[in-house]
Every structure is written in structure tokens, then in C-alpha cells.
Amino acid sequence: MLENDIKEVLVSEEELKVAIKRLGQQLTEEYKDKEVVVVGILRGAALFMADIIREMDCYLEIDFMDVSSYGEDFVSSGEVKIVKDLDTRVEGRDFLIVEDIIDTGRTLNYLVELLHYRKAKSVKVVTLLDKPERRIIADLVPDFVGIQVPNEFVVGYGLDYKQKYRNLPYIGVLKPEVYTEPEE
Ligand code: PRP
Ligand code: MN
Ligand code: MG
């Protein structure tokens, strides 16, 4: 059913597993002597969050934030609003932000600055997907990247189009006819 809306599989389930295992090893090494707070950004990062923490063999805590950009949902407007804040004390602690994808970089730029403002000891970013072609915040370079993707409309494994397709087990490219609706 969902599959009928997908033009091609960009990252298969197997490729996701391999990428997440590799990231997990890097993060285990990075945080083996620290007690990191891992922050998943709702809702897109939910699936990746669940999988990446199980590949990290170190003492960690988890928390979540939900932010939304103002304006239309297709192109983010740059202004970010906190929908759900952390429940964790920030000052003096090490943070790892978990994202599903970095597009313009505005969401993460805001979050990284917020955690620094709240006096985090360190703030690093892991993203499953990176779409560098779309970057507006040039100096937003993620510390850990799973897979670079081209500038196409990707969905699945947490990523949505109009809140749907998050439950696809792989990353796929949406057929253009799905998002170019006929004029009324
Ligand atoms: C998407 C994605 C990232 C952000 C990336 O979230 O999950 O959080 O956009 O875009 P940016 O780099 O241009 O800021 P979205 O706001 O669609 O919310 P969602 O996670 O609930 O889908
Ligand atoms: Mn998101
Ligand atoms: Mg979204």
C-alpha cells in the first residue's frame, strides 16, 4: 500500500542497519568515559533514536524535545518554537542531539545554540541523513553522519510527508505525483 507511493528505495533496511551500527561504534568510543544525555528531536528522530541508543554501550540518559518551525510545513521558515522542552538539567552536562535529517540546518542551529546558552558542557550532533545541498546555515556541520542524501523528497524510517510514511522501514523517494496535487 504505502509502497505504491514510493519511486525508489534510497536507503534499504539493511543499509540503515549497517550505518547505525557504525555510528553506534563511533558514539560508544566518544562517550565511553562520560554520562551523555541523548536528546531525540520529535517526531522525525523517534525511530533512529530507538535504534541508535541500543548501539551505544555506555551510561546514558535520554530525553526528548519537540520543536516546530513557524510557517508552512514544506519549507521551514527559520523561526523555531519549543513545543516540548527538556526535562533534564543542562548546565555542565554533555549532550548528544539525535536528528533524522539535516536540511537547511535551522532546527539544529537553534537547538545547539540553546543548549550552549543553558551552559551545556558539550553539545554534539548525530544525524542519520544529511542533505548538504539544502544547507542555509553553512557552519552547521554535524559531528556524526549516517548517510548523505541528494536533494530529493525522502520519507520513511521517521521522515514524513504531511505526517504520513514515518512507518516505512526504509528511506524512500516519494513519487512526484503524490506531493504535486492537481489544481482545484
Ligand atoms: C524535519 C526533520 C528535522 C528538520 C530538518 O522536522 O525531522 O527535524 O525538519 O530541517 P532543517 O534542517 O531545515 O531545520 P519537521 O520540522 O518536519 O518535524 P518532524 O520531525 O515532526 O517531521
Ligand atoms: Mn524533525
Ligand atoms: Mg516533518
| remark: Of PHE48, PHE64, PHE95, the only residue that is closer than 22 Å to VAL154 by Cα, of a type in the set (Phe, Trp, Tyr) and either free of Cβ contacts under 8 Å to residues at least 60 places away in the same chain or surrounded by 13 or more Cβ atoms within 10 Å (Cβ to Cβ) (or both) is PHE48
| message | Suppose we filter the range 3-42 for residues that are hydroxyl-bearing (Ser, Thr, Tyr) and in a loop (DSSP other than H, G, I, E, B); how many remain? | response | 1
| query | Does at least one position in the range 34-45 carry a residue that is within 16 Å of ligand 3 (Cβ to nearest atom), surrounded by fewer than 18 Cβ atoms within 10 Å (Cβ to Cβ) and among the hydrophobic types (A, V, I, L, M, F, W, C)? | reply | yes
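Could you say whether any residue in the range 102-109 is more than 9 Å from ligand 1 (Cβ to nearest atom) and hydrophobic (A, V, I, L, M, F, W, C)?
Filtering the range 102-109 down to residues more than 9 Å from ligand 1 (Cβ to nearest atom) leaves none.
No, that holds for no residue.
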| the range 174-184: number of residues that are outside any strand (DSSP E or B) and either touching a His at 6+ places or on another chain (Cβ under 7 Å) or surrounded by 17 or more Cβ atoms within 10 Å (Cβ to Cβ) (or both) | 1
| said: Being without any contact (Cβ under 8 Å) to a residue 60 or more places away in the chain and not acidic (Asp, Glu) is true for just one of LYS162, LYS121, LYS175. Which residue is that? | reply: LYS121
| So THR104 clears everything in (1) buried (at least 16 other Cβ atoms within 10 Å of the Cβ); (2) in a loop (DSSP other than H, G, I, E, B); (3) more than 16 Å from ligand 3 (Cβ to nearest atom) except one condition, right? Which one? | (3)
| request: Using the structure shown, decide if LEU140 is within 21 Å of ASN4 (Cα to Cα), among the aliphatic types (A, V, I, L, M) and part of a loop (DSSP other than H, G, I, E, B). | output: no
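Could you please find all residues in the range 146-173 being in a strand (DSSP E or B), over 16 Å from LYS17 (Cα atoms) and within 14 Å of ligand 1 (Cβ to nearest atom)?
Listed by number, the residues that qualify are VAL154, VAL155, LEU159, TYR161, LYS164.
Read-outs throughout are calculated quantities, based only on the coordinates presented, and are distinct from any laboratory measurement. Source: prediction; values computed, not measured. Glycine gets a Cβ as well: all are built from the backbone with ideal geometry, and neighbour counts include every protein chain shown.
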